[in-house]
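Engineer: This is the structure I want to talk about, given as structure tokens.
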């Protein structure tokens, strides 16, 4: 089994011990001041960085086990061959939220053994995703009490999961440190050892990350339901934290914890009735989040195959929100007209509009974000122009270049 020490030694002399680098077009592996290759260590793999002469940066993922068998090789070859879906109607980009330029190199790294014999091991290469993990970004937003950003993250997460469901793709181990947020706001999933998709229903042999995995692991669950529980755990956590960022002080792990929980621990999910966090969700005064908390509580008790899909829990949240928005008796018999595109720009209204705009930006739907920036009136609001104007100006430049190229 490859060890971290063996891999570090090989990457330190990468020109001789890492054939994958030449096959990928060359480059250098950055090192620390101590002469050790710079890397990120996870539970099952270590990831090194490869900087190429062109300026491109790749991630070199090296397994820390001998379980990388032919099935895993087939999985990564299949992932590398998946076509990138073109943007669909309305300009929405429904490409799979995966790192680009995925490549599987079977004899990627050569390791020296104790008997002086060398052994070769695979390397998986992909574009290096520049940005924090969802765990780190959420922790930072909670510390800053940035409710609009957390609400936008929740909306973006729901859109991402809906896209995966529509594509028939399952990650298999959704957790906050397997989710990265690029500098431009796009959410990207990493760590593909458990992925499956339509036509490639690979077996699932591990229960997933504690704090996200269902308490009752069932390897027979179909592809469509493999991400249902973990995606609901993350969505409920983000929705709750968008209301009470201070809940991170009561639950969840530190921003650099491997496999760290956003809010719910494995113990919370195993015993929701005895969980302090689940109890706090009941008192948030937000019917949609309370309904989602109840759905998650029930999902913990049910079999994994009975967990609601994103379509089902999304509908539940929407319906609970609409019920809460109904006028009280004597209030005129009808709900107040939406104020999204008219009326004075109060602080509350600005926060609501910015939350929606951030959601569109996080999902990469730049065309809709462009329209919303103008239709919402944010572009006429001085405070919004200061806070978001530079980012929207960058979007406008990219959009102008794209329109010229398409003309």
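Engineer: In segment 249-260, which residues are out of contact with any helix residue (DSSP H, G or I) (no Cβ under 6 Å at 6 or more places or on another chain) and assigned to a loop (DSSP other than H, G, I, E, B)?
Structural biologist: Let us first name the residues in segment 249-260 that are out of contact with any helix residue (DSSP H, G or I) (no Cβ under 6 Å at 6 or more places or on another chain), namely 249-250, 252-254, 256-259.
Listed by number, the residues that qualify are 250, 252, 253, 254, 256, 257, 258, 259.
Engineer: Which one is surrounded by the most Cβ atoms within 10 Å (Cβ to Cβ), of the residues in segment 381-393 that are more than 21 Å from residue 156 (Cα to Cα) and touching a helix residue (DSSP H, G or I) at 6+ places or on another chain (Cβ under 9 Å)?
Structural biologist: The selected residue is 381.
Engineer: Go through segment 247-304 and give me each residue that's closer than 23 Å to residue 219 by Cβ, loosely packed, with under 15 Cβ neighbours inside 10 Å and at pLDDT below 95.
Structural biologist: Hits for segment 247-304 are 298, 301, 302, 303.
Results for (1) over 17 Å from the mean Cα position of the chain (by Cα); (2) assigned to a helix (DSSP H, G or I), shown as yes or no for each residue.
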position: 192; (1), (2): no, no
position: 211; (1), (2): no, no
position: 216; (1), (2): yes, no
position: 232; (1), (2): no, yes
position: 239; (1), (2): no, yes
position: 242; (1), (2): no, yes
position: 247; (1), (2): yes, yes
position: 262; (1), (2): no, no
position: 278; (1), (2): yes, yes
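Engineer: If you take the residues in segment 168-191 that are touching a strand residue (DSSP E or B) at 6+ places or on another chain (Cβ under 7 Å) and touching a residue at least 60 places away in the same chain (Cβ under 8 Å), which one is farthest from residue 249 (Cα to Cα)?
Structural biologist: Out of the qualifying residues, it is 169.
Engineer: Scanning for something surrounded by fewer than 20 Cβ atoms within 10 Å (Cβ to Cβ), assigned to a loop (DSSP other than H, G, I, E, B) and touching a helix residue (DSSP H, G or I) at 6+ places or on another chain (Cβ under 7 Å), does segment 154-168 turn up at least one residue?
Structural biologist: There is at least one residue in segment 154-168 that is surrounded by fewer than 20 Cβ atoms within 10 Å (Cβ to Cβ), assigned to a loop (DSSP other than H, G, I, E, B) and touching a helix residue (DSSP H, G or I) at 6+ places or on another chain (Cβ under 7 Å).
Engineer: Now for a separate question. Is segment 130-151 home to any residue that is in a loop (DSSP other than H, G, I, E, B) and closer than 30 Å to residue 219 by Cα?
Structural biologist: For segment 130-151, residues in a loop (DSSP other than H, G, I, E, B) and closer than 30 Å to residue 219 by Cα: absent.
Engineer: Checking residue 229 against (1) touching a residue at least 40 places away in the same chain (Cβ under 8 Å); (2) closer than 26 Å to residue 41 by Cβ; (3) crowded, with 20+ Cβ neighbours inside 10 Å, which test does it fail?
Structural biologist: It fails just one condition, (2).
Engineer: Hey, another quick one. Can you tell me which residues in segment 280-309 are closer than 19 Å to residue 226 by Cβ, over 22 Å from the mean Cα position of the chain (by Cα) and not in a helix (DSSP H, G or I)?
Structural biologist: Of everything in segment 280-309, those that are closer than 19 Å to residue 226 by Cβ, over 22 Å from the mean Cα position of the chain (by Cα) and not in a helix (DSSP H, G or I) turn out to be 302, 303.
Matching residues to (1) in contact with a strand residue (DSSP E or B) (Cβ under 6 Å, 6 or more places away or on another chain); (2) assigned by TED's automatic domain parsing to the domain that holds residue 50; (3) at pLDDT 95 or above; (4) farther than 19 Å from residue 175 by Cβ:
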residue	(1), (2), (3), (4)
112	yes, yes, no, yes
115	no, yes, no, yes
121	yes, yes, no, yes
139	no, no, yes, no
148	no, no, no, yes
151	no, no, no, yes
165	no, no, no, no
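Engineer: Quick test of your reading of the structure: residue 180 fulfils all but one of (1) within 28 Å of residue 351 (Cβ to Cβ); (2) over 16 Å from the mean Cα position of the chain (by Cα); (3) in a strand (DSSP E or B). Name the failing condition by number.
Structural biologist: Of everything listed in (1) within 28 Å of residue 351 (Cβ to Cβ); (2) over 16 Å from the mean Cα position of the chain (by Cα); (3) in a strand (DSSP E or B), residue 180 misses just condition (2).
The values are calculated or read from the model by the stated rules, or taken from the named source; none is laboratory data. The structure presented is a predicted model; accordingly, all values stated were derived computationally and were not measured. Glycine also receives a Cβ, built like all others from the backbone with ideal geometry; neighbour counts cover every protein chain displayed.
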